[in-house]
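Student: Shown below is the structure under consideration.
Taken together, the values in this text are just the output of simple stated rules run on the coordinates, not laboratory data. Quick caveat: nothing in here was measured; it's all calculated off a predicted structure. A quick note on method: Cβ atoms are made from the backbone with ideal geometry, for glycine too, and the neighbour counts reach across all protein chains shown.
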Amino acid sequence: MLQTMSDVAQRIAENLHAVRERIAVAAARAGRDPSGIRLIGVTKYAGPELAGMLVQAGLVDLGESRPQELWRKAEALTAQSVRWHLIGHLQRNKVRRTLPLTTLIHSGDSLRLFESLSEESAALARKCDVLLEVNISGDQAKHGFAPQELAPLLPAIAALPHVQVRGLMGMAGLETDADEARRQFASLRLLRDRLLADCPPAISLAELSMGMSGDFEQAIAEGATMVRVGSALFEGVTT
Ligand SMILES: *Cc1c(COP(=O)(O)O)cnc(C)c1O
């Protein structure tokens, strides 16, 4: 059956409500306050129009994994107040254009990228909020620091004057079941706790960005402060 745009908008609003409910239930089960968990709506499967419907339905944090897509949608949605999150790999030649559009870069995955972010932020006379992406699944195809490589790098990252580290980001491996995803999220939390023991004061590790449509409940159980949810928000939308 064909959906009109207003059917689509309604379905997206219902999906958003359902995801927020699931977050609230998972938080309650973990004895956590749901206001400590920020929902980031991942719009990579949707065009600017559908992304705008999420904003209309009340979501202010949107995420894109590809910089060019973030630019395109940020441009299309300038009239709306969106906080954009970059959640995928950022090449250094795309830093300059991406920085002014984003609230938080989740995918800080190399020292060279951090250096470039600091330089470009200096030119804009601002500080850039970034998460350290950690490859928690060990999947070779995934970006991110290896867990053991992070501690020795923290002093160099802390010394960059225009970068503010806010926490860690991780993704469960493909084809992991719920139990294995939860173990991987727990490993990110434990890594954070270990790093905190000897962390330069300029670095904050308060944020844990982990969990997607299929596993955000497990991530919340392990302390996620940000969940990045895409497909669950666009379920049943056929245009
Ligand atoms: C696509 C993507 C998501 C959202 O995935 P869904 O399974 O659609 O919720 C979250 N994080 C990253 C890094 C992604 O690339």
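Student: Output the Cα-based Rg and Dmax of the chain in Å, rounding Rg to one decimal and Dmax to a whole number.
Tutor: Cα radius of gyration and Dmax of the chain are 17.6, 58 Å respectively.
Student: Let me ask something else. Given H placed 1.01 Å from N in the peptide plane, which residues other than close sequence neighbours of residue 42 have an amide H under 5 Å from its amide H?
Tutor: For residue 42, whose amide H was placed from the backbone, the distant partners under 5 Å are 63, 229, 230.
Student: Now for a different question. For segment 42-81, what does the convex hull of the Cα positions come to per residue, in cubic angstrom?
Tutor: 59 Å³
Student: I've got another one for you. Testing the spin-label approximation: label points 7 Å from Cα along Cα→Cβ at residue 148 and residue 183. State their distance in nm.
Tutor: With each label placed 7 Å out from Cα toward Cβ, I get 1.8 nm.
Student: How would you classify segment 122-233 from its alpha-carbon gyration tensor, with a ≥ b ≥ c the square roots of the eigenvalues: rounded for a/c under 1.5, else prolate if a/b is greater than b/c, otherwise oblate? Show your work: numbers first, answer last.
Tutor: On the way: a/c = 2.01, a/b = 1.61, b/c = 1.25.
The shape class here is prolate.
Student: Relative to the longest principal axis of the C-alpha atoms of the chain, give the angle of the C-alpha long axis of helix 178-196, reported between 0 and 90° and rounded to the nearest 10°.
Tutor: With rounding to tens, the tilt is 40 degrees.
Student: Further question: Would you mind counting up the charge near residue 238? Only other residues with Cβ under 11 Å from its Cβ, with Lys and Arg at +1 and Asp and Glu at -1.
Tutor: -1
Student: I've got another one for you. Would you kindly derive the ³J(HN,Hα) couplings of segment 130-146 from the backbone phi angles with the Karplus curve 6.51 cos²θ - 1.76 cosθ + 1.60 (θ = phi - 60°), listing them in order in whole Hz, with x for Gly and Pro?
Tutor: 9, 9, 8, 7, 10, 7, 7, 8, x, 5, 4, 6, 8, 7, x, 6, 5
Student: In whole Hz, what ³J(HN,Hα) sequence does segment 37-52 give by Karplus (6.51, -1.76, 1.60; θ = phi - 60°), x for Gly and Pro?
Tutor: Karplus-based 3J(HN,Hα) across segment 37-52 equals 10, 8, 8, 10, x, 8, 9, 5, 8, 10, x, x, 5, 5, 4, x Hz.
Student: Round to a whole angstrom and tell me the spacing of the C-alpha centers of segment 176-221 and segment 76-131.
Tutor: Cα centroid of segment 176-221 versus Cα centroid of segment 76-131: 22 Å apart.
Student: Hey, another quick one. Filter 44/142; 44/73; 73/127 down to the pairs with a C-alpha to C-alpha distance above 21 Å, please.
Tutor: The pairs that break the limit, which is 21 Å between Cα atoms, are 73/127.
Student: Still on this structure: Which value in deg cm²/dmol, rounded to the nearest 500, describes the helix-derived mean residue ellipticity at 222 nm for the chain, given -39,500 (n - 2.57) per DSSP H run of n ≥ 4 and division by the residue count?
Tutor: Here the helix-only value at 222 nm equals -12500 deg cm²/dmol.
Student: Picking from 99, 196, 39, which is most flexible by a Gaussian network model of the chain using Cα springs under 10 Å?
Tutor: Between 99, 196, 39, it is 196 that shows the largest mean-square fluctuation.
Student: Tell me, what HN-Hα J-couplings in whole Hz come from the Karplus equation 6.51 cos²θ - 1.76 cosθ + 1.60 at θ = phi - 60° for each residue of segment 209-224, using x for Gly and Pro?
Tutor: Ordered by residue, 3J(HN,Hα) equals 8, 7, x, 10, 3, x, 8, 6, 5, 5, 5, 5, 4, 9, x, 4 Hz.
Student: Once both labels are modelled 7 Å past Cα along the beta-carbon direction, what's the residue 97-residue 206 spacing in nm?
Tutor: 3.3 nm
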